[in-house]
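Input: a single structure, listed below in C-alpha cells.
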Amino acid sequence: MYIHVVQSGETLWALANRYGVTIQQIVAANGLSVPETLVIGQALVVPQANQLAKPNFLRRGQKHLRSFKSIPSKEVNAYLINLGDAGQRMVELVGNDLTYLSPFSYEAKSDGSLKDLNDFQVLKIARAHKVSPLMSITNIADKGFDSEIAYVVLNDPSIQEILINNILSILIARGYSGLNVDFEYVPPEVRERYNNFLWQLVNRLHPLGFSVSSALAPKLSSQQKGLLYEAHDFSTHGQLLDFVVIMTYEWGWAGGPPMAIAPFNMVKRVLDYAVTVIPRPKIMIGIAVYARDWTLPFVEGGPIARTFSPQYAIQLAVRYNTSIQYDQLSQSPFFRYTDEFGRLHEVWFEDARSIQAKFNLVKDYNLRGISYWVLPTSFPQVWLVQEDSFNVVKLFT
C-alpha cells in the first residue's frame, strides 16, 4: 500500500500507470465520487495490484502482500450508532477487520433500567464474522450525557444492583462477550463510587466469562480539572478492567474554534501520561473518522460546526476548487473555502496520512489496539491503511 499526495497537474491515469494498478482500483480504494477530479494536497491510498480483486467492491479481509514488513497483531473495536440497513451493510463489509463491535448504546436510567436497542441483526452479522460484540452502556439522556443520572446511580447501591442485574440479563440473552462502560461528565465527588461500581461489575461479570472495559476521557495528568476528566481514574480503571478505550479525539469540537479533531501531538501527550498508570497491553486509543466545517470568523456561542464524513470533506474541496494543506504538528489535513454567500469556512478532517500517524503510535507505544468512533460508512481508505499496519486479533474461531 502507498499513500500518494496529489500534486498539481496529476491525473488518475498517470497515477495508475505509475503504480501499476487500474484507475478503478484507485477509485474504489478511496471512495472517489468524482473520479476525474483530484484535489491538490489530497491523500490517495494506492493499493497493491492484488488488494482489490473486484474493482467496485472493497474486499472483506482479503490478504495482500507485505514484503519485508513485520505486522503486529492488534485488537480493533468500533462503536456503531447506525443499527439499520447502512450499519448492517458496513458490519457485513468490514467485519473481518474488527475484533469487537459495540452497538451504541444501552442508556442507563436513574432507576437502574436500560433503554433497549434493536441490535439483533447487527449482532447476528458480527458473530458470522467472528466479531466479539461488546455491550455499551452510557448515562445518556435526551440532551446527551447526563451528570445527574450518573450521580443518582452511583450514590445508590440498590439502584446499582438493579442496573447490574439488567446488564447481566442482556449480556446473556443477546450473546454479548463483554461490557463497555461509557459514563461521561460524572460529578467529581462520586469518583470513588464510580470506581466501586466498576469493581462490582468485574466481580459479577468475570466469573461468568464476560470482559469489562471502560471509555476514558483524554487526560494529560491525574490532576486535570474539569467535569469530563476528574471522575475518570486512569490508575484504578487500568488496574480493575480488562482494557480501556481512551477517547483521543474532540479537541476540535463542534462548539469550539476550528482545529484538528484528533491532533497527533495531543494524542501523544495523553499516551505519555496514560502509559505511566495503565499497563500498555490494556490501552486502546480512539480513532476519529469524521470531519468538521467551521464558518469563520469563529464566534464563542455562535453556530456550531457541521460534522460529516471525510469523503464529504473531499467533495467540498472539489466543489470549491481549493487545495488541501497538511499541518505537521497535528498531523492533520485541512482547507479553507468561500461559499456561495461569501462566507469563509475552515474544514479539518482525517485522511490516510493522519490515520497512519496514529496507527504508528499504537505500534510505537506497544498498545493493545484501536477503537473507531464511529464505524465509518464512507471512508474506505482507513481499512487499507489498517490492513497494512495490523493483523486483527480474533477472539474466537
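The values are calculated or read from the model by the stated rules, or taken from the named source; none is laboratory data. Since the model is a prediction, treat every value here as computed from it, not as a measurement. Because the Cβ atoms are built from the backbone with ideal geometry, glycine has one as well, and the counts that use them run over all protein chains shown. Side chains are part of the model used for accessible areas, which takes the heavy atoms of the whole protein and leaves out ligands, DNA and RNA. Shrake-Rupley method; radii C 1.70, N 1.55, O 1.52, S 1.80 Å.
Could you work out how far apart the two model spin labels at S8 and D116 are, taking each label as a point 7 Å from the Cα in the direction of the beta carbon, and quote it in nm?
6.2 nm
Given a 1.4 angstrom probe, what's the average accessible area per residue across the range 2-50, in square angstrom?
Details: 2260 Å² over 49 residues.
Accessible area per residue, the range 2-50: 46 Å².
Charges only on Cβ, +1 for Lys and Arg, -1 for Asp and Glu: so what's the dipole of the range 296-345 about the Cα centre, in debye to the nearest 20?
100 debye
Leaving out ligands, DNA and RNA, what percent of the accessible area of the range 2-50 is carbon and sulfur, probe 1.4 Å? Intermediate results must be reported in sequence, preceding the final value.
Values: 1250 of 2260 Å².
C and S atoms contribute 55 percent here.
Please work out the ratio of the alpha-carbon Rg of the chain to 2.2 N^0.38 Å and round it to two decimals.
For the chain, the normalised Cα radius of gyration is 1.00.
For the chain, what is the charge dipole size about the Cα centre, in debye to the nearest 20, if Lys and Arg each add +1 at the Cβ and Asp and Glu each add -1 at the Cβ?
Values: 35 positive and 35 negative charges, 287 e Å.
For this selection, approximately 1380 debye.
Which of the trypsin sites (Lys or Arg not before Pro) across the range 250-345 are loop residues per DSSP, with 14 or fewer other Cβ within 10 Å?
R343
When the Karplus curve 6.51 cos²θ - 1.76 cosθ + 1.60 is applied with θ = phi - 60°, which whole-Hz ³J(HN,Hα) does each residue of the range 228-234 get, with x for Gly and Pro?
Along the range 228-234, the couplings run 5, 9, 5, 7, 8, 8, 3 Hz.
Given the DSSP H assignment, sum -39500 (n - 2.57) over each helix run of at least 4 residues in the chain and divide by its residue total; what's the result at 222 nm in deg cm²/dmol, nearest 500?
Details: 12 runs with 130 residues, N = 397.
Result for the chain: -10000 deg cm²/dmol, rounded to the nearest 500.
Roughly how many debye, to the nearest 20, is the charge dipole of the range 346-397 about its Cα centre, given +1 on each Lys and Arg Cβ, -1 on each Asp and Glu Cβ, and no other charges?
Once rounded to the nearest 20, the dipole reads 280 debye.
Filter the cross-link list K115/K268; K74/K115; K74/K225; K124/K268; K225/K268 down to pairs whose alpha-carbon distance in this structure exceeds 28 Å.
Check vs 28 Å cut-off fails for K115/K268; K74/K115; K74/K225; K124/K268.
What does the C-alpha gyration tensor say about the overall shape of the range 212-289? Classify as rounded when a/c is under 1.5, otherwise prolate if a/b is larger than b/c, or oblate.
Note, shape of the range 212-289 comes out prolate.
Taking only Cα atoms and a 10 Å spring cutoff, compute GNM fluctuations for the chain and point out the largest among A126, A274, A16.
Sorting by GNM fluctuation, first place goes to A16.
At most 14 other Cβ atoms within 10 Å and a DSSP loop assignment: could you name the trypsin sites (Lys or Arg not before Pro) in the range 86-153 that fit?
Sparse-neighbourhood loop trypsin sites (Lys or Arg not before Pro): K143.
Please report, in cubic angstrom per residue, the volume enclosed by the convex hull of the alpha-carbon atoms of the range 2-50. Could the numbers behind the result be given before it?
Details: hull volume 3.1 nm³, N = 49.
That works out to 64 Å³ per residue.
Among I26, I324, I162, which one shows the biggest mean-square fluctuation in a GNM of the chain, springs joining Cα atoms closer than 10 Å?
Fluctuation is largest for I162.
Can you pull the percent of the range 296-345's accessible area that's carbon plus sulfur, 1.4 Å probe, other chains left in place?
Of all accessible area on the range 296-345, carbon and sulfur atoms account for 54 percent.
Would you mind counting up the charge near P281? Only other residues with Cβ under 12 Å from its Cβ, with Lys and Arg at +1 and Asp and Glu at -1.
+2
Decide, for the range 296-345, between rounded, prolate and oblate: order the square roots of the alpha carbon gyration tensor eigenvalues as a ≥ b ≥ c, take rounded if a/c falls under 1.5, and otherwise choose prolate if a/b is larger than b/c, else oblate.
Oblate, since a/c reaches 1.5 and b/c is not below a/b.
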